[in-house]
1. Please list, ordered by first then second residue, the pairs with beta carbon atoms under 8 Å, 6 or more apart or interchain, first in the stretch 46-60 and open to solvent by 10 Å² or more (accessible area, probe 1.4 Å) and more than 16 Å from ligand 2 (Cβ to nearest atom), second in a loop (DSSP other than H, G, I, E, B) and of a type in the set (A, V, I, L, M, F, W, C).
2. Restricting to the stretch 1-26, give me the number of residues that are in contact with an Asp or Glu (Cβ under 8 Å, 6 or more places away or on another chain), crowded, with 22+ Cβ neighbours inside 10 Å and farther than 16 Å from E196 by Cβ.
3. When the residues of the stretch 172-218 are narrowed to those that are in contact with a Gly (Cβ under 7 Å, 6 or more places away or on another chain) and among the hydrophobic types (A, V, I, L, M, F, W, C), which ends up modelled with the lowest pLDDT?
4. Any residue at all in the stretch 165-178 that is in contact (Cβ under 8 Å) with a residue 60 or more places away in the chain, touching a helix residue (DSSP H, G or I) at 6+ places or on another chain (Cβ under 7 Å), open to solvent by 30 Å² or more (accessible area, probe 1.4 Å) and not charged (D, E, K, R)?
5. Only residues in the stretch 7-31 that are part of a loop (DSSP other than H, G, I, E, B) count as the first member; pair them with residues that are polar (S, T, N, Q) and open to solvent by 20 Å² or more (accessible area, probe 1.4 Å), Cβ under 6 angstrom, at least 6 apart or cross-chain, and list the lot.
6. Quick check, is F70 surrounded by fewer than 19 Cβ atoms within 10 Å (Cβ to Cβ), in contact with a helix residue (DSSP H, G or I) (Cβ under 9 Å, 6 or more places away or on another chain) and hydrophobic (A, V, I, L, M, F, W, C)?
7. Please tell me if I43 is more than 19 Å from G154 (Cα to Cα) and under 15 Å from the mean Cα position of the chain (by Cα).
Amino acid sequence: MDKTYKMEKAALVVADVQNDFCPGGALQITDGDKIVPVLNRYIKLFREAGLSVFITRDWHPPKTIHFIAFGGPWPPHCVQGTKGAEFHPEFYVPKEAIIISKGDDPNTDSYSAFDGKDERGKGLADSLREKGVRRIFVGGLATDYCVKQTTLDGLKAGFEVTVLEDGVRGVDVKPGDSERAIDEMKRSGADTSTFENIEKEKGGARGGTEDTEGRAKRKAG
Ligand code: VGL
Ligand code: ZN
């Protein structure tokens, strides 16, 4: 890990773990449900460390340019208030988590969590800055859409971004889309990590001294 900001300034962003993106759903992602236990472990890890957890949901009106019938690329999915828009039943949503809804504007796709708002109307970037977050860890569905766009927007907004390689799955409309998305995120400045590495980094950060910016002076590990 060579990121400037260690876990003290981190938050977790988990994208769209909703029924419609899981097997049996309207826009099912192969093995989309397989990441649920992995993401649950990340969420517990971040909560136990007192770090913020943001959970996004794709939250479309019945009529949107996002859907095929209205000129878009997708079959109807994650329509507000439907079963398909609910979180996967085994997905752990802690009560402290901040829920970010996106895609409710009928005139845009809004893949990025940075386009979404919490229930009080606050956007993700404002919320992160308010909490002093400098680095985000991004997981969830889908690698080639929400995860990618959230990562690229996060980097553009000046956050350090780590993609959770073991906690993402992609739609792969064209085979290889997810791999290409990971490459693009890396080329744009993101790094990737796994649960094991992050657990180690968190452990390594414990007891490290910090300067006034909160940078750990001691290398993790
Ligand atoms: C997404 C496809 C359609 C996403 C949303 O958030 O990844 N993908 N709608
Ligand atoms: Zn959508």
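The values are calculated or read from the model by the stated rules, or taken from the named source; none is laboratory data. Please read these numbers as outputs of a predicted model, since none were measured by experiment. As a convention, Cβ positions derive from the backbone with ideal geometry for all residues, glycine included, and neighbour counts pool all protein chains shown. To get the accessible areas, we keep the full protein, side chains included, count just its heavy atoms, and leave off ligands, DNA and RNA. Shrake-Rupley method; radii C 1.70, N 1.55, O 1.52, S 1.80 Å.
1. Close Cβ pairs satisfying both conditions: S52/V133.
2. 7
3. Among those that are in contact with a Gly (Cβ under 7 Å, 6 or more places away or on another chain) and among the hydrophobic types (A, V, I, L, M, F, W, C), it is A216.
4. Looking for residues that are in contact (Cβ under 8 Å) with a residue 60 or more places away in the chain, touching a helix residue (DSSP H, G or I) at 6+ places or on another chain (Cβ under 7 Å), open to solvent by 30 Å² or more (accessible area, probe 1.4 Å) and not charged (D, E, K, R), one finds at least one in the stretch 165-178, hence yes.
5. Qualifying pairs under 6 Å: G25/N19.
6. On the way: surrounded by fewer than 19 Cβ atoms within 10 Å (Cβ to Cβ): yes; in contact with a helix residue (DSSP H, G or I) (Cβ under 9 Å, 6 or more places away or on another chain): no; hydrophobic (A, V, I, L, M, F, W, C): yes.
Answer is no for this residue.
7. Working: more than 19 Å from G154 (Cα to Cα): yes; under 15 Å from the mean Cα position of the chain (by Cα): yes.
Judged against the criteria, I43 is a match.
Results for (1) within 16 Å of ligand 2 (Cβ to nearest atom); (2) among the β-branched types (V, I, T), shown as yes or no for each residue.
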{"site": "A97", "(1), (2)": "no, no"}
{"site": "G103", "(1), (2)": "yes, no"}
{"site": "N107", "(1), (2)": "yes, no"}
{"site": "S112", "(1), (2)": "yes, no"}
{"site": "D118", "(1), (2)": "no, no"}
{"site": "G121", "(1), (2)": "no, no"}
{"site": "A125", "(1), (2)": "no, no"}
{"site": "R129", "(1), (2)": "no, no"}
{"site": "V133", "(1), (2)": "no, yes"}
